Amino acid sequence: MFSMKMEIKNETWGSRTGLILAMAGNAVGLGNFLRFPVQAIQNGGGTFIIPYLVCFVLLGIPLLFTEWSIGRFGGKSGNHSTPYILEAMGKGSWWKYIGVFGIFTNIAVVAYYTYIESWTLIYVFHTLFGTFSDLSQTAVSEYFLQYVNLTGSDFGIPLFPLWIYIIVLGINCYILSTGLGGIEKVAKIGMPLLILFGVILAVKGWSMGAENATELIPDANAWDGLNFLWTPQFSSLWDPKVWLAAAGQIFFTLSVGMGSIQCYASYLKANEDIALNSLTSGFTNEFVEIVLGSAIVIPIAAGFLGMDWVLNNAGFGMAFQTMPYLFQQWGAVFGTIAGVCWFGLLFFAGITSSLAMGTPWMGFMKDEFGWGKVKGALSFGLLALIMGAPTILFYQYGYFEEYDYWAGTVSLVIFAFLEMILFAWVFGINRGWEELNSGADIQVPAFFKWVMCYVTPVLLLFVLLGAMLTPEGNDWQEAFTGLWKGEGWKLDAHSLIAKISHEDLKHSLEAKEGTEDGNWLSDRVFFSNLARIQLVVLFVFISVIVWFSGVKRKSISHE
């Protein structure tokens, strides 16, 4: 076992630039361009930016410091995934089962995340082939719906989306099989291209103005989108839902609470800087999200369709259902360039993140069972395919959404909260602070020691409780007023507690029982339960492997 771990420690990052770009690539994902603008629109525009930046300081930076510190600490003893890193830091062997989240979340998320990644790749080719050239806005939107609902067949190939998914997953597995060197190469190519593509589109978004206004949409103006995103409405700052949304976006944008940062950091040298590196990767992500992410979808859509349309239609699907049509309005040449830039940057954002999700499983299997890179990558791909295929085949029944909610949202917050408790209160904030500052190229302000010990854990607890107890209509002010009047606390159907029993679906099902929509909703409840069972089985499966590895470690230590 000792010699095996020494072999693992020999694999380190080739350069500081490669490390920072890989870490930034892990953080810079589809959420920077698809989720952030929508969250901003739905939560007051400029009002959202203020709590978002506050949460970045009080949640994001402390979590980055913590996860980089945890990772490098684990790497010193030859551990490259969270189960045994957490066990080494904790005071009981049960901490390794908390560390299961750091493998489970990555596999569960990559299962559906790679599906979105496959959309971006195939849309690059559709853009080059001119698929959207003569389609109306409605037709472009319908094309996407047919694709994800498997009601259309691209190029006459049955289950075409599944095959594209397998190809993209295969690309991920091939790169993973080349080790950190392959990941570095992708990051060094993908991140600069991502930023270049983003800058091209952002400059266009900033410069459009009202040049595309028509008699039908006379108020179309890209600057309205920019103004909305950067003009705070201070009255909304007291709305708890805005703060909860901002805190939630931090998890999506920085990839914290997953276990991938810890894995990447575990391959650092013992005294290599983590303080400046973590801040550099974090601020790179923020630049991409706030400067570029806010300057593309919303301004361009407002420039063609008007701000009222954006406010009423802002959603995840805009990237695929609306943007291809808008790009074509710039003419065949620049429309194609814009489409390739848009879907190209989304692809690079996706693949640099999905590669990070594969490393915790590979690191664990290498550490505990001596699996090589190829075997580790293939086994990861097989697990991702088993988990991911249903999200494609049953997309219309909410399989995808169940994974995203439970594995891509709830799991992140739970794991982040528990690892902060471990780092600050079990391992000890003094030891943690010493680990963070060891070999640091900057002096971390002492302010963050206090924040990491008290503020961040409390905020994480509030986020978790906020998700569990979301009031009806997400109207917190009304909920507190009703509670003060003795009217009780009415849970929203989308609160965590209500979602466990499918209250969100049951409300609709009662009104449409016996109809075609009612039958569809009934099927959706069934497939939602099936998705949850599959997630639970995955968690139990990983837990059993972790348990077996613990037995194996004990038997070796007794020999």
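When 517, 492 are checked against the criterion of being of a type in the set (D, E, K, R) and within 26 Å of residue 249 (Cα to Cα), 492 stands alone in meeting it. Consider region 223-245 and keep the residues that are among the aliphatic types (A, V, I, L, M) and over 25 Å from residue 201 (Cβ atoms). The one that is least open to solvent (accessible area, probe 1.4 Å) is 242. Scanning region 105-132 for residues that are assigned to a helix (DSSP H, G or I) and small (Gly, Ala, Ser) returns 108, 111, 118. Exactly one residue among 350, 331 is on the phi > 0 side of the Ramachandran plot and either in contact (Cβ under 8 Å) with a residue 12 or more places away in the chain or of a type outside the set (Asp, Glu) (or both), and that residue is 331. Scanning region 385-394 for residues that are open to solvent by 50 Å² or more (accessible area, probe 1.4 Å) and either within 14 Å of residue 102 (Cα to Cα) or part of a helix (DSSP H, G or I) (or both) yields 385, 386, 393.
Kindly establish whether residue 303 is in a helix (DSSP H, G or I) and within 27 Å of residue 359 (Cβ to Cβ). Against the criterion (in a helix (DSSP H, G or I) and within 27 Å of residue 359 (Cβ to Cβ)), residue 303 does not qualify. Of all the numbered requirements in (1) touching a helix residue (DSSP H, G or I) at 6+ places or on another chain (Cβ under 8 Å); (2) modelled with pLDDT under 95, residue 535 misses one, and that requirement is (2). Here the helices (runs of 4 or more DSSP H) wholly within region 442-485 that include at least 2 residues being within 26 Å of the chain's Cα centre (by Cα) are 456-468. Criterion applied to 496, 505, 521 was being within 29 Å of the chain's Cα centre (by Cα) and modelled with pLDDT of 90 or more, and the one residue passing it is 496. For region 471-494, indicate whether the set of residues that are of a type in the set (A, V, I, L, M), surrounded by 15 or more Cβ atoms within 10 Å (Cβ to Cβ) and in contact with a His (Cβ under 8 Å, 6 or more places away or on another chain) is non-empty. Yes: one or more hits.
Among the residues of region 521-529, is there at least one that is in a helix (DSSP H, G or I), surrounded by 12 or more Cβ atoms within 10 Å (Cβ to Cβ) and touching a His at 6+ places or on another chain (Cβ under 6 Å)? Yes, because at least one residue in region 521-529 is in a helix (DSSP H, G or I), surrounded by 12 or more Cβ atoms within 10 Å (Cβ to Cβ) and touching a His at 6+ places or on another chain (Cβ under 6 Å).
The set of residues in region 266-302 that are among the acidic types (Asp, Glu) and either farther than 13 Å from residue 33 by Cα or without any contact (Cβ under 8 Å) to a residue 40 or more places away in the chain (or both) comprises 272, 273. The residue pairs whose first member lies in region 161-175 and is surrounded by fewer than 21 Cβ atoms within 10 Å (Cβ to Cβ), whose second member is outside any helix (DSSP H, G or I), and whose beta carbons are closer than 7 Å, counting only pairs six or more residues apart or on different chains, are 163/157.
Sub-8 Å Cβ pairs linking a first residue in region 500-525 that is over 16 Å from residue 402 (Cβ atoms) to a second residue that is basic (Lys, Arg) and not in a loop (DSSP other than H, G, I, E, B), at least 6 apart or interchain, are 518/512, ordered by first then second residue. Checking each residue in region 133-150 for being more than 16 Å from residue 399 (Cβ to Cβ) and in a loop (DSSP other than H, G, I, E, B) picks out 133, 134, 135, 136. Can you name the residue in region 67-82 that is more than 18 Å from residue 425 (Cα to Cα) and not hydroxyl-bearing (Ser, Thr, Tyr) and is also most open to solvent (accessible area, probe 1.4 Å) among such residues? The qualifying residue most open to solvent (accessible area, probe 1.4 Å) is 76.
If you go through region 140-153 and keep only what is without any contact (Cβ under 8 Å) to a residue 40 or more places away in the chain, in contact with a helix residue (DSSP H, G or I) (Cβ under 8 Å, 6 or more places away or on another chain) and crowded, with 17+ Cβ neighbours inside 10 Å, you end up with just 147. Of the listed requirements (1) of a type in the set (A, V, I, L, M); (2) open to solvent by 10 Å² or more (accessible area, probe 1.4 Å); (3) within 19 Å of the chain's Cα centre (by Cα), residue 50 misses just one: (3). Going by the structure shown, is residue 420 buried (at least 24 other Cβ atoms within 10 Å of the Cβ) and touching a Pro at 6+ places or on another chain (Cβ under 7 Å)? Criteria met by residue 420.
Answer yes or no as to whether residue 87 is within 16 Å of the chain's Cα centre (by Cα), of a type in the set (D, E, K, R) and either over 15 Å from residue 260 (Cβ atoms) or open to solvent by less than 10 Å² (accessible area, probe 1.4 Å) (or both). When the stated conditions are applied, residue 87 does not pass them. Could you check, for region 333-343, whether at least one of its residues is surrounded by 19 or more Cβ atoms within 10 Å (Cβ to Cβ), of a type outside the set (Val, Ile, Thr), modelled with pLDDT of 95 or more and not in a helix (DSSP H, G or I)? No: zero hits. Of the residues examined, residue 259 is not one that is surrounded by fewer than 20 Cβ atoms within 10 Å (Cβ to Cβ) and touching a Phe, Trp or Tyr at 6+ places or on another chain (Cβ under 8 Å). Among the criteria (1) under 16 Å from the mean Cα position of the chain (by Cα); (2) modelled with pLDDT of 90 or more; (3) among the aliphatic types (A, V, I, L, M), the one residue 245 does not fulfil is (2). What about residue 305, is it open to solvent by 40 Å² or more (accessible area, probe 1.4 Å), over 21 Å from residue 408 (Cα atoms) and either hydrophobic (A, V, I, L, M, F, W, C) or free of Cβ contacts under 8 Å to residues at least 40 places away in the same chain (or both)? For residue 305, the condition - open to solvent by 40 Å² or more (accessible area, probe 1.4 Å), over 21 Å from residue 408 (Cα atoms) and either hydrophobic (A, V, I, L, M, F, W, C) or free of Cβ contacts under 8 Å to residues at least 40 places away in the same chain (or both) - is not met.
Considering 427, 394, 380, 417, the condition of being modelled with pLDDT of 95 or more and closer than 19 Å to residue 541 by Cα is satisfied by 380 alone. When residue 434 is tested against (1) touching a residue at least 60 places away in the same chain (Cβ under 8 Å); (2) surrounded by fewer than 22 Cβ atoms within 10 Å (Cβ to Cβ); (3) not hydrophobic (A, V, I, L, M, F, W, C), just one condition goes unmet, and that condition is (1).
When every residue of region 201-222 is checked against the conditions, none turns out to be among the aromatic types (Phe, Trp, Tyr), open to solvent by less than 50 Å² (accessible area, probe 1.4 Å) and within 26 Å of residue 330 (Cα to Cα).
The values are calculated or read from the model by the stated rules, or taken from the named source; none is laboratory data. Just so it is clear, the structure is predicted and the values come from calculations on it, not from any experiment. FYI the Cβ positions are ideal-geometry reconstructions off the backbone, even for glycines, and counts take in every protein chain you see. Calculation scope for accessible area: heavy atoms of the full protein, side chains included, ligands and nucleic acids excluded. Shrake-Rupley method; radii C 1.70, N 1.55, O 1.52, S 1.80 Å.
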